[in-house]
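Asks: Quick one: the structure is below, questions incoming.
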Amino acid sequence: MRKNLLVALILSVIATLLPYPTPVLADRGVPGSPDFGYGARVELEGAYLDEALELAADIPLDWIGITLRWSSLLPGGAYQARLDRALTFAGKNNLHVVISLTDAPQTAQTATGPDPAKITNLLGGLSSQYPGVIAAVELFPAANTRAGWGTAPDPAAYARLFNALQAQLPAAGMNLLLVSGGLQPVAPGSQGDAMDDAAFLQGVYQSGAYPSVVGLALNTLAADPLAPPDASNPNVLRHYETIRQVMKAYNQENSLIWITAFRPPSGTIQSSDGNSLGMPQPESWLYQAYAQIRSQLYIGVVIYQSLNPADLPSASYALVASTQQYHPFVPILRGLVSQNGGILSLPRYGRPKNEGLTKQPRQ
């Protein structure tokens, strides 16, 4: 008996000397993580791709979004090469990537939508080539529109695709977070080519799919960030409240919203708190909008649109304005990201193109 007590005492002492296992924190903004995630979208075919990637690592962002036009993936092509540059850079700099999958080729289409087996093969190939880089997949953003889905929007077909991939991806050894299709607010009266995003989400739930993350695109916003949701004008920042009401109605309180496309409104900008911190109007609007979004505990990630300009009209809000100039919002975003921990470094305006940026450690 005394021998057993001695053995137990020795084992107890050894246990106290051993280090306790350290829990691995989830990526910021995902279900189960207590932290908010900041991201921005890289435009593969836009200007200043390398500068955009360097800025993402230097801030440092939690996520980079990459819109993947599936039909443009041609072996040896320029698009494929740019995708490789972006994913390789992300892997080397510990940037989590959310792929927004769009534009399925005809060879991957079925009578009811994209083929889940071929999507699994595509994502399997990318995951093998870039292990640990792609952490999430936004499945056909703007799926509530013809442009996003490829045909008339169909929430039941979308739900079948979502559920099929939810089963196939883990079976194929891929631990990817599926983000439901980047709901696009739709103006009342749209016929055929678009479906109200809240009604589309209801249809997805009614068809038996329950995504843990609901994507919402807010890239065409009205000027006042505090304007309440309005059925006659869904293009307000607080439209996320309308989507949240649908989620709660279907007992999805534990699911999150990701704002997968976000940028300031064009034209005159209003700010309800005057000129925040003495900022010019666009930066003041963004500062207030980010603070407002982050205060909603059910919003996990916001992805700014875009790091680099996709085309000439988007150059006014892209964070990389040129090889020599960042958007004035960059230091403000850097400060917001620093609230998640890490070292706050000053922005580098007029940086020589051949100067390497100092990468900041992730916390």
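The values are calculated or read from the model by the stated rules, or taken from the named source; none is laboratory data. Note that the structure is predicted; figures quoted are calculated from it, not measured. Cβ: placed from backbone, ideal geometry, glycine included. Neighbour counts: every protein chain shown. With ligands, DNA and RNA removed, areas are computed over all heavy atoms of the protein, side chains included. Shrake-Rupley method; radii C 1.70, N 1.55, O 1.52, S 1.80 Å.
Asks: Going by the structure shown, is A187 touching a residue at least 12 places away in the same chain (Cβ under 8 Å), open to solvent by less than 40 Å² (accessible area, probe 1.4 Å) and either more than 22 Å from D27 (Cα to Cα) or in contact with a helix residue (DSSP H, G or I) (Cβ under 9 Å, 6 or more places away or on another chain) (or both)?
Replies: Spelling it out, it is not the case that A187 is touching a residue at least 12 places away in the same chain (Cβ under 8 Å), open to solvent by less than 40 Å² (accessible area, probe 1.4 Å) and either more than 22 Å from D27 (Cα to Cα) or in contact with a helix residue (DSSP H, G or I) (Cβ under 9 Å, 6 or more places away or on another chain) (or both).
Asks: Something else about it: Which residues, taken from the range 47-63, are open to solvent by 30 Å² or more (accessible area, probe 1.4 Å) and at negative phi?
Replies: A47, D50, E54
Asks: Further question on the same structure: Go through the range 289-313 and count every residue that is surrounded by fewer than 23 Cβ atoms within 10 Å (Cβ to Cβ) and either acidic (D, E) or touching an Asp or Glu at 6+ places or on another chain (Cβ under 6 Å) (or both).
Replies: So the count comes out to 2.
Asks: Looking at (1) aliphatic (A, V, I, L, M); (2) in contact with a strand residue (DSSP E or B) (Cβ under 8 Å, 6 or more places away or on another chain); (3) farther than 18 Å from I299 by Cα, which is the one condition that is false for A167?
Replies: (2)
Asks: Mind checking which residues of the range 149-165 are within 21 Å of the chain's Cα centre (by Cα) and surrounded by 21 or more Cβ atoms within 10 Å (Cβ to Cβ)?
Replies: Result: W149, Y158, L161, F162, L165.
Asks: Okay, next question. Only residues that are closer than 12 Å to V186 by Cβ and open to solvent by less than 50 Å² (accessible area, probe 1.4 Å): list them for the range 228-241, please.
Replies: P234, N235, H239 - these are the residues of the range 228-241 that are closer than 12 Å to V186 by Cβ and open to solvent by less than 50 Å² (accessible area, probe 1.4 Å).
Asks: From the list L61, L83, pick out the single residue that is outside any loop (DSSP other than H, G, I, E, B) and at pLDDT 95 or above.
Replies: Going through L61, L83 in turn, the sole match is L83.
Asks: Look at the range 90-100 and say how many of its residues are buried (at least 21 other Cβ atoms within 10 Å of the Cβ) and either over 22 Å from L183 (Cα atoms) or not β-branched (V, I, T) (or both).
Replies: Total meeting the criteria: 4.
Asks: I would also like to ask the following. For L44, are the conditions met, namely being open to solvent by less than 10 Å² (accessible area, probe 1.4 Å), in contact with a Lys or Arg (Cβ under 6 Å, 6 or more places away or on another chain) and at pLDDT 95 or above?
Replies: Yes: the conditions hold for L44.
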